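To start, the structure itself, in structure tokens.
The values are calculated or read from the model by the stated rules, or taken from the named source; none is laboratory data. On a predicted model such as this, the values are computed, not experimentally measured, just so you know. Don't worry about glycine lacking a Cβ; one is built from the backbone with ideal geometry, like all the others, and counts go over all protein chains shown.
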Amino acid sequence: MTFSANIPQNLLQFLDSQVRQGHYRSRSHALIDALQSWSAQKLEADCAMAFADLDSVWDVTLHDGLSSEG
């Protein structure tokens, strides 16, 4: 799929330098890698936030006075 974007000159220069240095075969490959990294970081942050909420609920459960030994 093709799309068009307007980006600041300094970011375009950085993108082109990454391609010139052989880190990526093309601008498209560099952008795909950047978006995949961004997506993974977002997912990781969302999971950390979700588990932080569960940790507080779990702490209450652990201290409810009931024994796990039955």
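So here's what we get for this one:
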read-out: Cβ-Cβ under 7 Å pairs, at least 6 apart or on other chains, the range 24-45 side within 18 Å of Phe3 (Cβ to Cβ), far side of a type in the set (Gly, Ala, Ser) and part of a helix (DSSP H, G or I); value: Tyr24/Ala30
read-out: Unique residue being surrounded by 10 or more Cβ atoms within 10 Å (Cβ to Cβ), among the polar types (S, T, N, Q) and at pLDDT 95 or above when the list is Gln41, Gln9, Gln18; value: Gln18
